[in-house]
Amino acid sequence: MTSLVLTSCQLPENSRLWTRSGQGQPTVRRAQSAGQEALFPAATGFNVPLHAVTLNDTARLLAGLQPMGQDSFPAVRGSSGWANHKNKLDTLWSDFSWRHEQPIQNWAASQISDLQASPALFYPFSGPDFLFANLFFPNADTVVLCGLEPCEPLPPIAQLSAAEIEGGLDGLETSINTVMQFSFFITKDMRRDLVSTRFRGVLPLILTFMARSGHVVESIDLVKIDGSGSPVLVSGSSGSAPGAVIRAIGPNGVMKRVFYFRQDLSNDGLKAGSPFLHFVASLNTPPAFAKSASYLMHEGGFSVIRNFLLTQCRGVVQDPSGVPYRSFGEQGWNVSLYGNYRGTIDLFNEHQQSDLVAAYQRGGAQPLSFGIGYLYDPERTSLMVGRPGAMRMSAR
């Protein structure tokens, strides 16, 4: 099991470690102050509750869930606004369960079990979409998400007015509505929603997805990637953070860490051999997941991240908006096709892939019972699973 201790991280002298027995060995659960002061300055600047129980209850509050123990926010949960929020999210999750959760879990277990066995997952262009990362790769104990959206401090919920809380919960519902129904965020709308209320940035969305998928949140810390490609804790202050790491216990009892970095993946913001890519590569050549990626890796200005996936990942699970189909063939990868691809939506008409259409027309693609990405209609959806190899690219 991957250690949850951040590489190159030095714990302050006033810290003590909580431990939890895992597979017969003690495992670091989180570090917490032995006194009343904050363990790391980041904890104060990020408005993160210092105790794991309160932090996990914050995630459950945002997710419209009752507390696991004592209620840290009884006044909020007693309000009609929160009750309405809970009802809306319950309805969304019920629809999501039959539309996406159950069919994706069944498909992934049967078709990508070899890739699911990896202890890590890299999800470029993800934004805050922990939801689908967890559906396709529930066993990954290290997940790396990245996007252009900021990672803002949590608001001091106990100090917010009823109107601020209700407005924040409404904005949260708006942000997650499209991804739960159609499997993708509308980027323009999401970026507007993520700055329009007191629940700003990606953190409330990630915590909502984690709580609703059965994770118990243990800690959140601010991180950055140092020059050697190692994640290190940083002293926090108010404002956006370069990244965050969320430690949690999954529904299977395995400890997990979820990284989110605000990272420009264009060639202007990412160079081959950069510390960020070195960090991802250090996770034992993880599989990659790409969905609703705006066909950016089809463009020359995103060649670095495209080449990284094709040379440093053990497999790629994606819709057609990820790595171009032709690029897999150029690298000698095997590609299994699923669904019934007939071309992309009009918005991305310049990225039609005639070779991919022809591959589907030749037959052999396996059916899908769910839609994914921009082609969310199951009758015209497409999913590709690429694995490095010398065999000719084909549908299986």
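I need the full set of residues from the stretch 68-88 which are touching a helix residue (DSSP H, G or I) at 6+ places or on another chain (Cβ under 8 Å), in a loop (DSSP other than H, G, I, E, B), without any contact (Cβ under 8 Å) to a residue 40 or more places away in the chain and over 18 Å from S219 (Cβ atoms), in order please.
Q70, D71 - these are the residues of the stretch 68-88 that are touching a helix residue (DSSP H, G or I) at 6+ places or on another chain (Cβ under 8 Å), in a loop (DSSP other than H, G, I, E, B), without any contact (Cβ under 8 Å) to a residue 40 or more places away in the chain and over 18 Å from S219 (Cβ atoms).
Restricting to the stretch 174-218, and then to whatever is crowded, with 24+ Cβ neighbours inside 10 Å and of a type in the set (S, T, Y), can you tell me which residue is modelled with the highest pLDDT?
Step by step, filter the stretch 174-218, then rank; the result is T208.
Considering only residues that are among the β-branched types (V, I, T), within 15 Å of A293 (Cβ to Cβ) and in contact (Cβ under 8 Å) with a residue 60 or more places away in the chain, which ones fall in the stretch 323-380? I'd like the intermediate steps shown before the answer.
Narrowing the stretch 323-380 to residues among the β-branched types (V, I, T): 323, 335, 344-345, 357, 372.
The next check asks that each one be within 15 Å of A293 (Cβ to Cβ); those that pass are 323, 344-345, 372.
V323, I372, listed by residue number.
Answer with yes or no whether G386 is in a loop (DSSP other than H, G, I, E, B), touching a helix residue (DSSP H, G or I) at 6+ places or on another chain (Cβ under 8 Å), under 26 Å from S126 (Cα atoms) and in contact (Cβ under 8 Å) with a residue 12 or more places away in the chain. Give the derivation first.
Working: in a loop (DSSP other than H, G, I, E, B): no; touching a helix residue (DSSP H, G or I) at 6+ places or on another chain (Cβ under 8 Å): yes; under 26 Å from S126 (Cα atoms): yes; in contact (Cβ under 8 Å) with a residue 12 or more places away in the chain: yes.
No: the conditions fail for G386.
Within the group I372, I305, which residue is under 25 Å from E101 (Cα atoms), among the hydrophobic types (A, V, I, L, M, F, W, C) and surrounded by 15 or more Cβ atoms within 10 Å (Cβ to Cβ)? Reasoning before the result, please.
Values: I305 fails: under 25 Å from E101 (Cα atoms).
From the options I372, I305, the qualifying one is I372.
The values are calculated or read from the model by the stated rules, or taken from the named source; none is laboratory data. Predicted model, so just to flag it, every value in this text is computed and none were measured. Please note: Cβ atoms are built from the backbone with ideal geometry, for glycine as well, and neighbour counts cover all protein chains shown.
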